[in-house]
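Step one of this worksheet: look at the structure below.
The values are calculated or read from the model by the stated rules, or taken from the named source; none is laboratory data. Values in this document were obtained by computation on a predicted structure and should not be read as measured data. So basically every Cβ, Gly included, is an ideal-geometry build from the backbone, and we count neighbours across all protein chains shown.
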Amino acid sequence: MNALRTSKRADALGTENAFVVLAEVNRLIAEGRDIVSFCIGQPDFPTPIHVQDAAIAAVRGGKHGYTPSAGIDPLRAAAAESMGSLRGLSITADEVVIGAGAKPFIGYTIASVTDYGAGDEVIFPVPGFPIYESQVIANGAVPVGLPLSESRGFAFDPAELAARITARTRLLILNTPHNPTGGLLSRSDLEAIASVLREHPQVWIYADEIYSRLVYEGAFASIAAIAGMRERTIISDGASKTYAMTGWRIGFVANKLLAPVFTRWITNTESCASQISQWAALAALTGSQRDSELMKQRFHQRRDLIVRLLNEVPGFRCAAPGGAFYVWPNVTEACEIVGAADSEELRLRLLQQAGVAVLSDIHFGPRVEKDGQHIRFSYAASDAAIEEGVRRITAFMQKARR
Ligand SMILES: Cc1ncc(COP(=O)(O)O)c(C=O)c1O
């Protein structure tokens, strides 16, 4: 018998199923299958040219070494200004830490405010970004899902939040605009959440606001701007979605108390984010915003297109979400029409029989009771792909119905 073993932590570590499905889709494409994919959560636009140029200038300018773990000073200052101006807050550079994407800060935060095996609880949205739960479990904390409901525009009921908070709750994760539903937390939702949290001063808030600049209805609102919430809120944002820079790996967080802790985490892990990417992100934040604004306009148009088309598909019911680049149609009736046991079977049949790749609700946590079946489309895809993908789904539904 092999004496080598992996830890309970390693065994319990989950994953982001989008990456698993993506590998499956890429395999089918490599086999020559024609697949229209709506799986991937990243802009399909190139990084703006002036940002690419800044990276090339950094390489040519000898900016090849490590940077301070918290990031280069001008980028910390620019991220502070960018995050502060959007939220109506005054944020200083020393509150900000730059990381290799926003994602690592999810784990750093959980590890920084909960103790392993102590019964500390973390509340997060369900459906939600799968990394929340996997990091809670890997860090030996207790996951507590908070259901979002379709009838509330994919927000949660503050009474349900209140019912889940205990003396052991250490952290609440909020995500607006939301992956996978595209839903937003309105200012009044945030006020209601804040009034619940005022009773529980021990609870930190991780405000995952990576889609903050992709809002199509009304204004973006952050919990950090609600009275009394600023000190306990870790604001998380980044370059990935706003500037089509997912592969450059630049994210930033702001929190005065935890900034030195995050800096130590980074010293203990990646040392610093790529220096080249940091200079590129500085150009993204301080240079022309035109490309980013055009990209947002395109996403808005695509949202309207995909929502309209999906609502014409038999058995699909699709709300128009306020932000990000996802739609989350209810496919309960579609499953019944084609005799699929659930959304996951429908997803597999769409992939195999219609050549359309989507994710299903179970990739984002357990299904919300009484809310039915859903699948996720990322509309970071061209108009032609949206039209062709929905045409294939309609043809599949008509054929399977007969
Ligand atoms: C909700 C949410 N948070 C965080 C991230 C991570 O973004 P980054 O590329 O900055 O690590 C993503 C990316 O898909 C996301 O959807």
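A few remarks follow.
- One residue from GLU199, GLU160, GLU217 being within 26 Å of GLY119 (Cβ to Cβ) and in a loop (DSSP other than H, G, I, E, B): GLU199
- Qualifying residue in region 366-386 (condition: surrounded by fewer than 16 Cβ atoms within 10 Å (Cβ to Cβ), at pLDDT 95 or above and more than 28 Å from ILE131 (Cα to Cα)): yes
- All conditions but one from (1) within 16 Å of the ligand (Cβ to nearest atom); (2) under 21 Å from ILE131 (Cβ atoms); (3) not β-branched (Val, Ile, Thr) apply to ASN268; the one that does not is (1).
- Among the conditions (1) over 15 Å from ALA239 (Cα atoms); (2) at pLDDT below 95, GLY41 misses just one, which is (1).
- Scanning region 334-354 for residues that are of a type outside the set (Asp, Glu), touching a Cys at 6+ places or on another chain (Cβ under 8 Å) and surrounded by fewer than 20 Cβ atoms within 10 Å (Cβ to Cβ) yields a single hit, ALA341.
- All positions within region 52-75 that are in contact (Cβ under 8 Å) with a residue 60 or more places away in the chain, within 21 Å of SER236 (Cβ to Cβ) and part of a helix (DSSP H, G or I): PRO74, LEU75
- Inclusion of VAL59 among residues that are within 16 Å of the ligand (Cβ to nearest atom) and among the β-branched types (Val, Ile, Thr) is not warranted.
- VAL36 surrounded by 21 or more Cβ atoms within 10 Å (Cβ to Cβ) and more than 16 Å from the ligand (Cβ to nearest atom): yes
- Taking each residue of region 294-313 that is closer than 10 Å to TYR379 by Cβ and at pLDDT 95 or above and looking for partners that are outside any loop (DSSP other than H, G, I, E, B) and hydrophobic (A, V, I, L, M, F, W, C) with beta-carbon atoms closer than 6 Å, six or more apart or interchain, yields LEU305/ILE386; ILE306/VAL327; ILE306/ILE386.
- Here is the figure for region 124-155: residues that are more than 13 Å from the ligand (Cβ to nearest atom), assigned to a loop (DSSP other than H, G, I, E, B) and surrounded by fewer than 24 Cβ atoms within 10 Å (Cβ to Cβ) total 3.
- Among the helices (runs of 4 or more DSSP H) confined to region 258-315, the ones with at least 3 residues that are outside the structural domain of ILE98 (by TED's automatic domain parsing) and surrounded by fewer than 18 Cβ atoms within 10 Å (Cβ to Cβ) are located at 290-310.
- Residues of region 87-103 satisfying the condition of being more than 16 Å from the ligand (Cβ to nearest atom) and at negative phi: ARG87, LEU89, SER90, ILE91, THR92, ALA93, ASP94, GLU95
- Contact map, region 154-165: residues that are free of Cβ contacts under 8 Å to residues at least 40 places away in the same chain paired with residues that are of a type in the set (D, E, K, R) and surrounded by 19 or more Cβ atoms within 10 Å (Cβ to Cβ), Cβ distance under 6 Å, separation 6+ or inter-chain. Pairs shown: ALA155/ASP189.
- The set of residues from region 8-28 being within 15 Å of the ligand (Cβ to nearest atom), free of Cβ contacts under 8 Å to residues at least 12 places away in the same chain and among the aliphatic types (A, V, I, L, M) comprises just one member, VAL20.
Listed here are the residues, each with its yes/no results for (1) more than 16 Å from the ligand (Cβ to nearest atom); (2) of a type in the set (D, E, K, R); (3) under 22 Å from GLY140 (Cα atoms).
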{"residue": "ARG170", "(1), (2), (3)": "yes, yes, yes"}
{"residue": "GLU191", "(1), (2), (3)": "yes, yes, no"}
{"residue": "LEU197", "(1), (2), (3)": "yes, no, no"}
{"residue": "VAL203", "(1), (2), (3)": "yes, no, yes"}
{"residue": "TYR211", "(1), (2), (3)": "no, no, no"}
{"residue": "TYR216", "(1), (2), (3)": "yes, no, no"}
{"residue": "SER222", "(1), (2), (3)": "no, no, no"}
{"residue": "GLU231", "(1), (2), (3)": "yes, yes, no"}
{"residue": "SER240", "(1), (2), (3)": "no, no, no"}
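- In the set (1) away from the ligand (no atom under 14 Å from the Cβ); (2) surrounded by 19 or more Cβ atoms within 10 Å (Cβ to Cβ); (3) more than 16 Å from the chain's Cα centre (by Cα); (4) of a type in the set (S, T, N, Q), the condition left unmet by SER186 is number (2).
- Output for region 104-117, where each listed residue is buried (at least 20 other Cβ atoms within 10 Å of the Cβ) and either closer than 16 Å to GLU209 by Cβ or within 16 Å of the ligand (Cβ to nearest atom) (or both): PRO104, PHE105, ILE106, TYR108, THR109, ILE110
- Matching residues, region 348-402, being part of a helix (DSSP H, G or I) and among the β-branched types (Val, Ile, Thr): ILE386, VAL390, ILE393, THR394
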